[in-house]
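Engineer: Below is a structure I'd like to ask you about.
The values are calculated or read from the model by the stated rules, or taken from the named source; none is laboratory data. All figures in this text were calculated on a predicted structure; none of them were measured in a lab. Glycine gets a Cβ as well: all are built from the backbone with ideal geometry, and neighbour counts include every protein chain shown.
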Amino acid sequence: MLDYQPINTTDQAVIVTASRNDQAQSDTAASTNVIDSATIERIGEPLTLDFLRLTPSASVSVSGTDGSQAQVRIRGAEANHTLLFIDGIRANDPAAANEPRFELLNADLASRIEIVRGPQSALWGSEAIGGVVAVDGSADPATEGVAEYGSNQFTRAAGNGGFKTGELTVALGAGVQGSEGIDAFDTPGDGDRDGYWNVTLRGRAALALRGGNEVGVNGFAVRAGNQFDGFNSQTFSHDDTLDNTKNRLAAGRVWLSHKDRVWDARLAVSLLGSTNRNLLDDTFLNETEAKRWTLSGQVSRSFDAGALRNRVTLAAEGEKEDYRASDEAFFGATNQHRTRSHTALTGEWQTELSRWLVTDLALRHDAFNRFKNATTARASALFKIGGRFGIAASWGEGIAQPSFTDLYGFFPNGYAGNPEVKPERSKGWEVSARYGQGPVRASLTYFRQKLEDEIVENATFTSVLNADGTSKRQGVEAEMHWSPGAWLNLSLGYAWLDATQQVIAGQPEQREFRRPKHSGFVSADGQRGRLSYGASLAYTGKHLDRRDSFPFELESLDSYWLATARIGWRIDKRLELFGRIHNAFDADYQDAVGYQTEGRSVFGGLRVAFGR
């Protein structure tokens, strides 16, 4: 997949991933959300994951305390149907079922989070069925730091800095956080605490050359560990165990770009590596590791034809993945080494007519070495009416390759992959009415999507297969944003979702798990004088889940409200004291059956800033 070129701004009006080129949010027909650096800082949550709750139709599921497996399902899609970019690098983990590792993303190193909802595979390829999430760090070389301490022995420290000399800009960041956690096992008792730790580094260096050229390098590295309650080795039932996992995720990218009024050309090469190591106390059990090499390039040309402004883009990409699995617990029974590769060609044509009509057509062909080749398309249009109102419509296709786990995963007496499964395919459309005037933006969207060849568990939960039937998703999203000044940035959202699965054609449809029918959020942040403040309230409605141990029964999980708040007081130009509260209503809730979550917790800290 192409490592898209991340923008170096926190301007909410610019969207990166709704097109192969960045564009104004007011000019895109896609449904998008941007969470900027001010909101991230003022709400103050430590993990990027928590900010995704402030997105319509984004269902967040965490299997226990912070640091545990976290899954995000956008518009009812699967957890591995969201494509993640981190600082321009495609970051879905090939060693962990192609899922984005949101539980590993430290929010202290994120200056901007962008979410594009709906199928985007015609632009970005595999995994972009539910949508795309882009997490970018700051390119600002200003120096700042934060330290925090609170409930359950939570500690947090982070810093960003860098320098600019001539045409060279360097920005670096580092963050560490961790907690003793709580006993996440859902049976009352004096079980062990399940904590986590996380160390993250990121860096970016860019050298501006003459004639609109630029050469640069960027990358990130995450090292993390978390404890969790796994399965009894004798009964294979969920139990209060000493399981823990250690994760490494790192990537680097080198790019060369040219940009002027007519041409925009980019060439990039990147490498991502991942290791997931599972242990029982200090005893090694098994490990998965993977690497992904990507070479990509694209060229865009802008030109006018009468009143019609055009931009045509052509892109080519090549990718290779290498996957390994090993174990000691089962005497090497799970050991394997697999590789796969694919190439892709993409074309996109954008037009704008007299500022009242914007259209976008995209076509992509993926050639896989292990699957049937796939061609995906997308078409969208935005009609602007009177400068305040707009009507947008789009149709698109999505694909998702089977993960290495789907194909070759193996667990003795428990699970065996199916090398015969084929990629999943999706088609969907949406239509929305929009309003924008001054500080107010609002939208109402209806979407409908169907998924074919969905990869599902077989009847005995020991392998996977492609469903014969069609999975369907439809929903309504309502949003409103009001930003009258620095003192207030207010966002409200609500989503109704109907997501069903049909494993066998002609059989009754079943509700999908971990996808609430009703969800919503309210967030507000701002600054007035020395005082800064931020708060969010996210609602997750009732939803089904299946217990992950025998007899795998279905359970209905209750709805809940998750409230967070932060308030800070600037002592002088450089120092700010702040306090933060998480789960302020002390909600007793579960995102996944059998895994407790943290109750009300409070924190305090200090933020220091230089050079801004």
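Engineer: Just a yes or no: is a residue in region 501-521 at positive phi, surrounded by 14 or more Cβ atoms within 10 Å (Cβ to Cβ) and at pLDDT below 95?
Structural biologist: Among the residues of region 501-521, at least one is at positive phi, surrounded by 14 or more Cβ atoms within 10 Å (Cβ to Cβ) and at pLDDT below 95, which makes the answer yes.
Engineer: Same structure again: In region 187-202, is there at least one residue being at pLDDT 95 or above and charged (D, E, K, R)?
Structural biologist: yes
Engineer: Kindly list, by first and then second residue, each pair from a residue in region 206-224 that is within 17 Å of Asn247 (Cα to Cα) to a residue that is of a type outside the set (Asp, Glu) and in a loop (DSSP other than H, G, I, E, B), limited to pairs with Cβ atoms under 8 Å and residues at least 6 apart or on different chains.
Structural biologist: Phe220/Gly137; Val222/Arg101; Val222/Leu105; Ala224/Gly67
Engineer: For region 516-548, name all the residues that are assigned to a loop (DSSP other than H, G, I, E, B), over 19 Å from Asp588 (Cβ atoms) and in contact with a Gly (Cβ under 8 Å, 6 or more places away or on another chain).
Structural biologist: Lys517, Asp548
Engineer: Consider region 160-201. How many of its residues are in contact with an Asp or Glu (Cβ under 8 Å, 6 or more places away or on another chain) and over 30 Å from Asp281 (Cα atoms)?
Structural biologist: 5
Engineer: Every residue in region 146-156 that is buried (at least 17 other Cβ atoms within 10 Å of the Cβ) and within 25 Å of Asp87 (Cα to Cα), please.
Structural biologist: Passing the criteria: Val146, Arg156.
Engineer: OK, next. Of the residues Ser126, Ser37, Ser26, which single one is crowded, with 24+ Cβ neighbours inside 10 Å and either in contact with an Asp or Glu (Cβ under 6 Å, 6 or more places away or on another chain) or farther than 23 Å from Asp591 by Cα (or both)?
Structural biologist: Exactly one of Ser126, Ser37, Ser26 is crowded, with 24+ Cβ neighbours inside 10 Å and either in contact with an Asp or Glu (Cβ under 6 Å, 6 or more places away or on another chain) or farther than 23 Å from Asp591 by Cα (or both), namely Ser126.
Engineer: Considering Gly181, Gly162, Gly195, Gly173, which residue is surrounded by 20 or more Cβ atoms within 10 Å (Cβ to Cβ), in a strand (DSSP E or B) and on the phi > 0 side of the Ramachandran plot?
Structural biologist: The conditions single out Gly181.
Engineer: One residue is enough: does region 95-104 have a residue meeting the conditions over 25 Å from Lys542 (Cα atoms) and acidic (Asp, Glu)?
Structural biologist: no
Engineer: Next question, about the same structure. Specify which of the listed residues (Leu562, Leu577) is on the phi < 0 side of the Ramachandran plot, assigned to a strand (DSSP E or B), of a type in the set (A, V, I, L, M, F, W, C) and surrounded by fewer than 17 Cβ atoms within 10 Å (Cβ to Cβ).
Structural biologist: The unique qualifying residue is Leu577.
Engineer: Continuing with the same structure: Regarding Leu272, is this residue farther than 29 Å from Gly161 by Cα and of a type in the set (A, V, I, L, M)?
Structural biologist: Here the answer is no, as Leu272 does not meet what is asked.
Engineer: Another question, if that's okay. Of all residues in region 129-145, count the ones that are crowded, with 20+ Cβ neighbours inside 10 Å and over 24 Å from the mean Cα position of the chain (by Cα).
Structural biologist: Within region 129-145, residues that are crowded, with 20+ Cβ neighbours inside 10 Å and over 24 Å from the mean Cα position of the chain (by Cα) number 1.
Engineer: Do we find that Ile43 is surrounded by fewer than 24 Cβ atoms within 10 Å (Cβ to Cβ) and in contact with a Gly (Cβ under 8 Å, 6 or more places away or on another chain) in this structure?
Structural biologist: Here the answer is yes, as Ile43 does meet what is asked.
Engineer: While we're on this one: Restricting the search to region 120-146, which residues are at pLDDT 95 or above, in contact with a helix residue (DSSP H, G or I) (Cβ under 9 Å, 6 or more places away or on another chain) and on the phi < 0 side of the Ramachandran plot?
Structural biologist: Across region 120-146, the qualifying residues are Ala128, Ile129, Gly130, Val132, Val133, Val135, Val146.
Engineer: Related question: Tell me which residues, restricted to region 362-411, are aromatic (Phe, Trp, Tyr), under 24 Å from Gly76 (Cα atoms) and in a strand (DSSP E or B).
Structural biologist: Answer for region 362-411, where residues must be aromatic (Phe, Trp, Tyr), under 24 Å from Gly76 (Cα atoms) and in a strand (DSSP E or B): just Trp395.
Engineer: Identify, from the list Ser394, Ser380, Ser426, Ser354, the residue that is at pLDDT below 90, over 15 Å from Glu457 (Cα atoms) and of a type in the set (S, T, N, Q).
Structural biologist: Criteria check complete, one pass: Ser354.
Engineer: Give Glu319, Glu328 a once-over and let me know the one that is in contact with a Lys or Arg (Cβ under 7 Å, 6 or more places away or on another chain) and touching a residue at least 12 places away in the same chain (Cβ under 8 Å).
Structural biologist: Glu319
Engineer: In addition: Taking Arg202 and the conditions (1) crowded, with 22+ Cβ neighbours inside 10 Å; (2) within 26 Å of Gly599 (Cβ to Cβ); (3) touching a Phe, Trp or Tyr at 6+ places or on another chain (Cβ under 8 Å), which numbered condition does it fall short on, given that it satisfies the others?
Structural biologist: The failed condition is (2).
Engineer: Does Asn218 count as in contact with a helix residue (DSSP H, G or I) (Cβ under 8 Å, 6 or more places away or on another chain), polar (S, T, N, Q) and surrounded by 18 or more Cβ atoms within 10 Å (Cβ to Cβ)?
Structural biologist: Here the answer is no, as Asn218 does not meet what is asked.
Engineer: Look through region 426-459, keep the residues that are assigned to a strand (DSSP E or B) and of a type in the set (S, T, N, Q), and return whichever of them is surrounded by the most Cβ atoms within 10 Å (Cβ to Cβ).
Structural biologist: Ser426
Engineer: Quick check on region 492-499. Is at least one of its residues more than 22 Å from the chain's Cα centre (by Cα), assigned to a strand (DSSP E or B) and crowded, with 16+ Cβ neighbours inside 10 Å?
Structural biologist: no
Engineer: Under the condition of being hydrophobic (A, V, I, L, M, F, W, C) and more than 25 Å from the chain's Cα centre (by Cα), which residue from region 565-574 is surrounded by the most Cβ atoms within 10 Å (Cβ to Cβ)?
Structural biologist: Going through the qualifying residues, I end up with Ile567.
Engineer: Considering only residues that are among the acidic types (Asp, Glu) and more than 29 Å from the chain's Cα centre (by Cα), look in region 302-347 and name the one that is surrounded by the fewest Cβ atoms within 10 Å (Cβ to Cβ).
Structural biologist: Filtering region 302-347 for residues that are among the acidic types (Asp, Glu) and more than 29 Å from the chain's Cα centre (by Cα), the one surrounded by the fewest Cβ atoms within 10 Å (Cβ to Cβ) comes out as Asp304.
Engineer: Give the residue that is surrounded by the most Cβ atoms within 10 Å (Cβ to Cβ), with candidates limited to residues of region 460-490 that are under 21 Å from Ser403 (Cβ atoms) and of a type in the set (A, V, I, L, M, F, W, C).
Structural biologist: Checked region 460-490; the qualifying residue surrounded by the most Cβ atoms within 10 Å (Cβ to Cβ) is Val464.
Engineer: Asn244 - would you say it is free of Cβ contacts under 8 Å to residues at least 40 places away in the same chain and either part of a strand (DSSP E or B) or under 28 Å from Glu287 (Cα atoms) (or both)?
Structural biologist: yes
Engineer: Next question, about the same structure. Just to verify a result, which residue in region 586-600, among those that are surrounded by 15 or more Cβ atoms within 10 Å (Cβ to Cβ) and in contact with a Lys or Arg (Cβ under 9 Å, 6 or more places away or on another chain), is modelled with the highest pLDDT?
Structural biologist: This residue is Ala587.
Rundown of residues vs (1) part of a strand (DSSP E or B); (2) within 30 Å of Gly216 (Cα to Cα); (3) of a type outside the set (Lys, Arg), yes/no style:
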residue: Gly273; (1), (2), (3): yes, yes, yes
residue: Asn278; (1), (2), (3): yes, no, yes
residue: Glu289; (1), (2), (3): yes, yes, yes
residue: Arg301; (1), (2), (3): yes, yes, no
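Engineer: Here is a follow-up. Between residues in region 441-462 that are in contact (Cβ under 8 Å) with a residue 40 or more places away in the chain and within 18 Å of Trp395 (Cα to Cα) and residues that are among the hydrophobic types (A, V, I, L, M, F, W, C) and outside any strand (DSSP E or B), which pairs lie under 8 Å by C-beta distance while being six or more apart or on different chains?
Structural biologist: Gln449/Ala77; Leu451/Ala77; Leu451/Ile129
Engineer: Restricting the first residue to region 503-514 and requiring it to be small (Gly, Ala, Ser) and part of a loop (DSSP other than H, G, I, E, B), which pairs with a second residue that is surrounded by 18 or more Cβ atoms within 10 Å (Cβ to Cβ) and modelled with pLDDT of 90 or more meet a Cβ separation below 7 Å and a spacing of at least six or different chains?
Structural biologist: Pairs that qualify, where the first residue is small (Gly, Ala, Ser) and part of a loop (DSSP other than H, G, I, E, B) and the partner is surrounded by 18 or more Cβ atoms within 10 Å (Cβ to Cβ) and modelled with pLDDT of 90 or more, are Ala505/Gly469.
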